[in-house]
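See below for the structure under consideration.
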Amino acid sequence: MSKKRVLSGIQPTHDSFHLGNYLGALKQWVQLQEDNDAFYCVVDLHALTIETDPKVLQKRILLSAAQLIAIGVDPSKCTLFIQSHVPAHNQLAWVLECITGFGEAGRMTQFKDKSQKGGADRTNVGLFTYPILQAADILLYQADFVPVGEDQRQHIELTRDLGQRFNSKYKEIFNIPQAQIIKSLAKINDLQEPTAKMSKSAASMSGVIELLDAPEITLKKFKSSVTDDGKEVKFDEKGKPGISNLLTIHSALSGKSIEAIENEFAGKGYGDFKSAVAEVVIAELEPIRDRTKQLMDDPAELVSLLSTGAKKANEVASNTLKEVYAALGLI
Ligand code: ATP
Ligand code: LTN
């Protein structure tokens, strides 16, 4: 049986990835590279929707690639590349923009949220067409599965709609992908605001666990996490969102069931539990942080790994694009 194709991307919009990215998406990336033909990219063009100092952006692109490798994304098992190294992404995006309805793009909740937060002056057209570029990222590689967190479900639905629309209007070229979302891990919440998703663009980073945080900072963030007035360590998403979020995090990293953790902390206070979660998280993140630092010491090696990935990605992507152009009647 031929291997399934997997594709996913992550934005270099911050120095460090966070625990939501890691548990919701990146850990899946690592697993899926074993038995599938996986393509993973740092979506630097998507990051341009937020104005960033060029030097800072350059560093973040390298830091993103380094973190992915440190987490276990292995360039000898998958194709790891930078989106802007493959021009077909923009080229297909234009074609898809021409079959996307204006209203359809305007219904994307991420666009509505981000444009509302930024206000009319800071909302650029790139933010509006962002999901269409994402659809191009996915359709170019004929992906079967797209491992992401819950917030991306609507964008994958749009990708499916656009792929199907092109196939029926012009020619059956695109494989129609499926989102691969692990329900229990698809929305890791902010430690200070446990009903909101942990996000790189949160107003305050005090509830965001960054992979590259020093252990003391991680400990402090867990110790000061928001919980309820009760005493019981019990999973109850509605009644105890803070404790439930911490239980999800502990269980995902320790491999223990939620029930086993509840039993372990029966009769103990929230303080002990928070320290234990921090300990599990620090043990997971320390080697990632060290390895990222090592990789950043040799940026030339990183760039060379990424250019090997870009070559492989370009081959696949340019074949798809060629077929698309021909189907459209372009000469
Ligand atoms: P922002 O909130 O600034 O848009 P982000 O933190 O969501 O950024 P992205 O680069 O947009 O980061 O997301 C990378 C991947 O991580 C995506 O697959 C996304 O679904 C997933 N992800 C992001 N936040 C969470 C979260 N809190 N829980 C689970 N998965 C998440
Ligand atoms: N919009 C995504 C990032 C992204 C992506 C992709 C994810 C861009 N292109 C292709 C999966 C597949 C986000 O995480 N905010």
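No value in this document is a laboratory result; all are computed from the given coordinates. Only a predicted model underlies this, so the values are computations on that prediction, with no experimental measurement involved. Here Cβ is always computed from backbone atoms with ideal geometry, including for glycine, and neighbour counts include all displayed protein chains.
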How large is Rg/Rh for the range 229-331, to two decimals, with Cα atoms and a Kirkwood Rh?
1.32
Within the set of other residues whose C-beta is less than 15 Å from the C-beta of Gln116, count the net charge using Lys and Arg as +1 and Asp and Glu as -1.
+3
Projected onto their principal axes, the Cα atoms of the chain stretch, largest extent first, over whole-Å spans of 73, 47, 44
Can you give the Kirkwood hydrodynamic radius for the range 59-151, in Å, rounded to one decimal and based on Cα pairs?
15.4 Å
Using the Karplus equation 6.51 cos²θ - 1.76 cosθ + 1.60 (θ = phi - 60°), what ³J(HN,Hα) coupling, rounded to whole Hz, does each residue of the range 285-301 give in order, writing x for Gly and Pro?
7, 4, x, 5, 5, 4, 5, 4, 4, 4, 5, 6, 6, 10, x, 5, 5
Once the in-chain neighbours fewer than 8 apart are removed, the aspartates and glutamates whose Cα is under 17 Å from Lys183 read Glu150, Asp151, Glu157, Asp236, Glu237
Need one number: nm distance between label points at Met1 and Thr195, each 7 Å from Cα along Cα→Cβ, rounded to one decimal.
4.3 nm
Any of Lys59/Lys322; Lys221/Lys256; Lys169/Lys322 with alpha carbons more than 25 Å apart? Name them for me.
Lys59/Lys322
Distance histogram for the range 68-116 (every C-alpha pair counted, 10 angstrom bins, percent rounded to whole numbers)
19, 27, 32, 21, 1
Just to confirm the filter: which trypsin sites (Lys or Arg not before Pro) across the range 1-79 are DSSP coil and have at most 12 other Cβ within 10 angstrom of their Cβ?
Lys3
Cα pair distances of the range 142-220 binned at 10 Å [whole percent]:
17, 32, 24, 17, 8, 1
When the dipole is taken about the Cα centre of the range 102-202, and only Lys, Arg (+1) and Asp, Glu (-1) are charged at their Cβ, what size is it in debye, to the nearest 20?
120 debye
Any idea what log10 I(q)/I(0) is at q = 0.12, 0.14, 0.26 Å⁻¹ for the range 188-275, Debye with uniform C-alpha scatterers and no solvent?
-0.33, -0.46, -1.47
Please give every one of the aspartates and glutamates within straight-line cross-link reach of Lys223, meaning a C-alpha to C-alpha distance under 13 Å, and leave out same-chain neighbours fewer than 8 residues apart.
Asp272, Glu279
Alpha-carbon spread of the range 132-176, three principal axes, descending order, Å
31, 16, 15
Partner lysines whose C-alpha sits under 23 Å from that of Lys55, ignoring same-chain residues fewer than 8 away, are Lys200, Lys293
For n ≥ 4 DSSP H runs only, could you compute -39500 (n - 2.57) per run for the chain, divide by its residues and tell me the 222 nm figure to the nearest 500?
-17000 deg cm²/dmol
What's the angle, to the nearest 10 degrees (0 to 90), between helix 88-97's Cα axis and the longest principal axis of the chain?
80 degrees
Take Val277, Val316, Val148 and order them by how many other Cβ atoms sit within 10 Å, fewest up front.
Val316, Val148, Val277
